[in-house]
Structure formats: structure tokens, C-alpha cells
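Asker: Structure incoming, see below.
The values are calculated or read from the model by the stated rules, or taken from the named source; none is laboratory data. Note that the structure is predicted; figures quoted are calculated from it, not measured. FYI the Cβ positions are ideal-geometry reconstructions off the backbone, even for glycines, and counts take in every protein chain you see.
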Amino acid sequence: MTETHVPDFAIAADRVSKTYRLWGRRSQFATLKSALLKRDLKFSPEAMVDAVRDVSFHIDRGEAFGIIGRNGSGKSTLLKLISGILKPTSGNVQVNGRVAALIELGAGFHPEITGRENILINGIMLGLSKREIESRFDAIVDFSGIRPFIDQPVKTYSSGMYVRLGFAVAVHVDPEILLIDEVLAVGDEEFSQQCIAKIQEMKFRGVTLVFVTHQLDQVRKLCDRALWLDRGATTAIGDPTRVVDAYLQEVSGTVEASPAAETEAPAAKAAEEEERWGSGEVVLKRVILVDPKGHELVALGAGTGVTVEMDVEVRAPQEDFVFGVGIYHADGACVYGTNTEIEGFLPQRLDGPGRVRMVIPSLDLVAGTYRIDAAVHTRNGRAFDYRRGVLRFVVGSRVHDTGVYRPKHTWKFDGGIAFREVDNLQRNVPATVAEALKNKP
Amino acid sequence: MNELAILYRYRQLIAALTARDLKARYRGSILGFFWSLANPLLLLGVYSLVFAVFFPPQAVRPYPLFLFAGILPWTFFSSAVLESTTSIAGNAGLIKKVMFPAETLPLVVVLSHLVHFALALPILFAAMAIYAGFGMATIPLTAALVPFLMLLQTIFVAGVVMCVASASVLLRDLRDIIANLMQLAFFITPIIYLIDSIGSRPLRALLRLNPMTPFVVSYQDVLFFGHLPGLADALLMLFYAFVSMAAGITVFDRLRDTLAEAI
């Protein structure tokens, strides 16, 4: 994927490399002496480790950027280079905006003093003034959920409480750029959800996010782009689903990682933005949306019944397979996603061509443009054929409600509240016209 | 003077960390902050006993006051420098995991020991008042100059501490080297004896080369003898404070980028 240069970037890494030197016991004195004599320690250590090699990327303002890779692939080093904790050996990193790095939650806490005092010091470390912290103090404590213990020394806290407090302080610093290193993996499920919700809120507010994580689901869910590092070098960068998928294929040991052969794509040709990848052993030949009578649809009214139809071609029989469908709003938000695995269908055989139908009796969506992803993959996520944005459809409605989902509903009023119901056709007419209609004898 | 700008920018952090250091030190102990007063008091008692009972008679009287005037600034210097050897390595979590201005750590060590020093001074003045009550001493007016001496000494100590703190990350042996040097340095600084009581001229000149000598002698001048520090001592103090700070800034600046890796 080619990187387009956008001037209004949040982070720009330009051919960044980081080499760690491993010193033997004897050469330690040389380190000090030479470090004093010349700035760029250029003499011979026992071994050199290239932690990050020639990595370049731009991250736009407000973008969520995921970094994935095996243990020891340089992810955390890259994050430390961005944060300024480490200096690159060559190349340079430019950062625009106030950075908060969550590399280890509560790293600055002192065990002997209370939670209250630690909030103050941690906040100052992260760049707030005393007054700013005092004004945010209650929000921080509420978010952490440990108010009863706030005046106890931090050494009495459980590790969960520790992490809660650390996260609470860090997100209340109001950074413009938030760097997160594998911290969402800690804490209980509830807290983890709370963190993700907070991160989504920050993303919504336009905070630039950089994640390092092994939780690939989060990368798919939260990130706009992903970077896959392998032994310090960029292997892939771009669409998170595609990068995660490529990574999973590599990790699961599949050599064949070529995208499905482009032999067909009749219905989806119109959808220019379609992205497609996978091993091609099973192919989704045609994906269409049909009404209950079997007619192909591109536009539908709110609440109509639709079926997602996939014609499947099998090039190599499979025992482990999952069919999935995702519906996305044009702005990228996932409206709904499911697959056969989630809904409890155990794969039995896939040895010949067939058709998969997902029947939706009533698609209760608000007016707008939507897109569908269809995929067939293994249960651990290795794609046979993943067609992102394979088709697009428009939902029309005369009611200008907002959001994406319209639950079936009615209104009831009693007591001193009354309305006069207007015919559907007359809805959304200008107020002056409505008034005129109302006053007609 | 990039280093000084950083220190100024993080003054709130330095203040908060110093307060934390002082609080954390005595948190959980029964006497708490009282230990800051008790430690010098006990020290005064022990030295008075040893030198008044076991090794009498002394050339200067009352000897405990003389001793105390020199030993307090010495303790400030030696304990700050000793503690600085672990100040950065002991906060590895901060240096490696947070974007943390490492230069604040040695400063926090200096300031928290300065507070201990300042808290011990009232004990000295109380002891002076008691001796004065018996007509054996007076509280000299020159004692008002102590804050100036403290300022100069703090600059001097801060410079040494910045060198030691950053260098000991790369050279762990420095901790033991300095611990032993301090033992020796205590005796080549005129604390338990008067520098003028040293007979041999070359030896006296050697003692004068010790950077702590003009500081300790000046404290004794203003707190015990009640006269102004000598011009030579004053110039030497200014010189050492400046050189030490310049060296501290240079060394720290050179080593700063390697700290996060070397810890």
C-alpha cells in the first residue's frame, strides 16, 4: 500500500531505525568514558540488535493506528521512539501535539503514598498543572471506581486497582496523541470494556491513537490502519482487516497468501472500493442482496425483508470454514456483523459449489448508504476469500430520523399530552406549510 | 543552558516529587517526620559524648557546637551524593515507561536532603541557646549568612549529583566507589578538627584542594566563630559551585539519551 503524504499529520516516521547495543561486562567502563568523550557511541559493542529497521509512515490527526507483530518484533520499541523515551539510531520521528504514552499503567506510582497523592504526581508527570489535576480529580476517581480506597497507600491496592487508577489518570490528561502499549489486556472484562469505550470516545473527539497489541480483534474494531512489523521491518501497512488477516495467515504457517484469483466478480464490479483478499481455496463467486421474491436489490425501504446471497465455489474441499456477513454504514461504523461460527453452526462439509443465504425478515435501518462485507474463512480467521465492501445499498425513508438502527416502535401519550397525527406524506414539510395545513377549516 | 530550561519547566514536578520523597520516607513510621529532627539530635549526642568524654580536651570549645556546624553541611553533601547513585536506576520504571524528564530525579534528591538539612538547623540553634544560657557560647549575628551558604552549597551539590546520578547508570561500580570515597573524604575535610591545627603546610594546602573544605570552613566561621567567611573561601565556593554545575549539566546532557537504554 502506498502512503500518501498528508501535511497535516500527527506523527511522521521517516526511515526510522533503532539499534540496541549489547555490552559485555568489561566494556561497561568504555561506555561511560566514550559516552563522555563523543556523543555518538561509535565503537564496538559485543552485539548489535536491530530492533526497528527503516520504518516509515504517516499517521493523520484523529487516526487510529494499530501496530501488530510477534513478540520481539520491535512494536514496543517503535512506540517508545514515537513517545520520545528512546531516540532513533537513524532517521527521525516527528510528532505534532501533546502525547500521553500508556506503556505501563501506573508506572510512576509510588507505593508508600496514597492514591490521591499519586494522582497529583502522575498527572504532573504527564504534563498537567496542579490546578488542572485538581479540577479533574473527581472525574479521575470516578472513572477508576476506587473512591473508597483513594486515601490509602497505593501499596495496599490490588493490581487491578493499580491499573484502573493508572488508566484513569492517563486518559484524563486530554492528550492529542495517545500511545497505548498492550495495556487493554489487563484488568477484568468490565474494566477492559470501560477502557475501550473511553478510547472510542477519544477517537470520536479526534484524538490520534496508536496501539500496540496482540488482541487482533481490537485492531480490527478500533483502528483505521494497521502496521505489521516483523523483525523490526514493515511487512504490511494499510487496512486493518487486511493486515491482520495477512498476519494471521503468516502466523498460522500458510505459505500461500496470494489473493483470490480474479476470475470473476460480476455483481460487484460497480463497487469500486471493494477490497478482496484470501487464499482462494474457497471463493465467494457472487454476492447479492435480494428481496423475498428473489429480485436483486440495490435500494430498499426501511424495514423491508432482504436476503444476502453468496454463490460459493470450492477449489479445495475444506473441513474448517465459516461464512460471515458484516453490514457497515457509509461512514465506516459497523452496524451488524455475524458469522456461522458465532451463531453455532459447526462446519461439516464444504466439497462442492453451493449457495449461502442469510435471511433478514426485516432490515430496520435508518435512511443512508450501507455496504456489505462477505467472507469465508477458517475459524481462526485465515481468509479463503474476504470481500470487503462487496456491495453497497441505499436505504430510503420519508422519516428523517437519525442513527443507523430503527427499532420497531410506536408512541403512546396520555394525561395532559396530546398530538395530532399527520399523514406520512405530510411529514417533514416546512413548518409554515404544516401550520397552514393545521389551520385549514 | 537547555538543561536549566528543562528544570524550570518541570519545577512543579520537582516540587511534587520532593514532597512525595519526604512523605514516603517517613510514611508508616511511628515518629514520622520527627526522625528528621531526631537523627541530627542523636548524632550531636554521640559526637559530643565521644569527643568530650573519650578524647578530651579539645582545642575549640564548646566542641559539640563546632562539630555540629561542620557536620550538618557535610551530611547534606554526602547523603545527597550517595543517594544520587541510585536515583535514576531506582526509578527505571519512570525512565523506561513514561516520557519523564530524567534531570528532575537528581534534583529531587538534592532538594529533599536540603530540607533535612534545613530541619536540622533549629536543633543547632537550640543547642547554641542552651550553651549560651550557661554562658559558654553566644549565637553569632553572622548566622544570618547561612542561607547564602546553603544556596551556594546547593548549587555545588546539585552539579556533583547530576554527574554522579547519570554516570552511575552506566557504571554501577560508582556506588561502591563513592561510598568508600565518602568515608575517606570525611576525614580530609576539616569537620572534626580545625584546619589551622594541622601543622604541616603541604598537608594544609592539600586539604584546601578538597572542594568541600571552603564550604565547611565557612559554615564554621558564621555559625561557630561568628566572623565572616574569608575572601579566599568565598571565591573558592563561587568557583566550585559554578564549575560543578557546568560539569553536571554537560555530563547529564551527554548521557541523557543513553539512559533509557542503559538502565
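Asker: Need a quick list: helices (runs of 4 or more DSSP H) entirely within the stretch B:195-263 having at least 1 residues that are surrounded by fewer than 21 Cβ atoms within 10 Å (Cβ to Cβ) and within 14 Å of chain A (Cβ to nearest Cβ).
Answerer: Those helices (runs of 4 or more DSSP H) span B:231-262.
Asker: Now a separate question. With a cut-off of at least 2 residues that are out of contact with any Gly (no Cβ under 8 Å at 6 or more places or on another chain) and either free of Cβ contacts under 8 Å to residues at least 24 places away in the same chain or closer than 30 Å to B:A137 by Cα (or both), name the helices (runs of 4 or more DSSP H) lying wholly within the stretch B:1-114.
Answerer: Those helices (runs of 4 or more DSSP H) span B:2-9, B:11-26, B:34-49, B:63-84.
Asker: Name the single residue, out of those in the stretch A:116-140 being polar (S, T, N, Q) and at the interface with another protein chain (Cβ under 9 Å from one of its Cβ atoms), that is nearest to B:I95 (Cα to Cα).
Answerer: Result: A:N122.
Asker: Filter the stretch A:142-180 down to the residues that are more than 27 Å from the chain's Cα centre (by Cα) and among the β-branched types (V, I, T), then identify the one that is nearest to A:G62 (Cα to Cα).
Answerer: Top of the filtered list is A:I146.
Asker: Quick one: how many residues across the stretch B:163-194 are assigned to a helix (DSSP H, G or I), surrounded by fewer than 16 Cβ atoms within 10 Å (Cβ to Cβ) and of a type in the set (V, I, T)?
Answerer: Total meeting the criteria: 1.
Asker: While we're looking at this one, here's another question. Can we say A:I199 is assigned to a helix (DSSP H, G or I), surrounded by 21 or more Cβ atoms within 10 Å (Cβ to Cβ) and in contact with a strand residue (DSSP E or B) (Cβ under 7 Å, 6 or more places away or on another chain)?
Answerer: yes
Asker: While we're on this one: Would you point out the residue of the stretch A:88-115, among those that are in contact with a helix residue (DSSP H, G or I) (Cβ under 8 Å, 6 or more places away or on another chain) and of a type in the set (G, A, S), that is farthest from the other protein chains (Cβ to nearest Cβ)?
Answerer: Selected residue: A:G115.
Asker: Quick check on this structure: which one of A:A257, A:A271, A:A265, A:A236 is modelled with pLDDT of 85 or more and of a type in the set (G, A, S)?
Answerer: A:A236
Asker: For B:L43, indicate whether it is among the hydrophobic types (A, V, I, L, M, F, W, C) and within 14 Å of chain A (Cβ to nearest Cβ).
Answerer: no
Asker: Please work out if A:E313 is out of contact with any Asp or Glu (no Cβ under 7 Å at 6 or more places or on another chain) and assigned to a strand (DSSP E or B).
Answerer: Criteria met by A:E313.
Asker: Got a sec? Which of B:L255, B:L228, B:L235 is more than 30 Å from B:L121 (Cα to Cα) and of a type in the set (A, V, I, L, M)?
Answerer: Criteria check complete, one pass: B:L255.
Asker: Right, next: Which one of these does B:I130 not meet: (1) surrounded by fewer than 18 Cβ atoms within 10 Å (Cβ to Cβ); (2) in a loop (DSSP other than H, G, I, E, B)?
Answerer: (2)
Asker: Return the only residue of A:P148, A:P175, A:P153 being assigned by TED's automatic domain parsing to the domain that holds A:G62, in contact with a strand residue (DSSP E or B) (Cβ under 8 Å, 6 or more places away or on another chain) and free of Cβ contacts under 8 Å to residues at least 60 places away in the same chain.
Answerer: Just a single option satisfies the conditions, and that option is A:P153.
Asker: Residues that are assigned to a helix (DSSP H, G or I), within 14 Å of chain B (Cβ to nearest Cβ) and not aromatic (F, W, Y): does the stretch A:172-186 have at least one?
Answerer: Within the stretch A:172-186, none of the residues are assigned to a helix (DSSP H, G or I), within 14 Å of chain B (Cβ to nearest Cβ) and not aromatic (F, W, Y).
Asker: Of all residues in the stretch B:3-23 being at pLDDT below 80 and touching an Asp or Glu at 6+ places or on another chain (Cβ under 7 Å), which is farthest from B:F100 (Cα to Cα)?
Answerer: B:E3
Asker: Pick out the one residue from A:L165, A:L126, A:L222 that is of a type outside the set (D, E, K, R) and under 24 Å from A:V243 (Cβ atoms).
Answerer: The unique qualifying residue is A:L222.
Asker: Another question, if that's okay. I'd like to verify a number: residues in the stretch B:96-106 that are crowded, with 21+ Cβ neighbours inside 10 Å and either within 13 Å of chain A (Cβ to nearest Cβ) or more than 15 Å from B:A167 (Cα to Cα) (or both), how many?
Answerer: Number satisfying all stated conditions: 6.
Asker: Another question, then. Got a number for residues in the stretch B:49-95 being within 14 Å of chain A (Cβ to nearest Cβ) and hydroxyl-bearing (S, T, Y)?
Answerer: Adding up the residues that qualify gives 2.
Asker: Moving on. Which members of the stretch A:141-171 meet the condition of being within 12 Å of chain B (Cβ to nearest Cβ) and in a loop (DSSP other than H, G, I, E, B)?
Answerer: A:Q152
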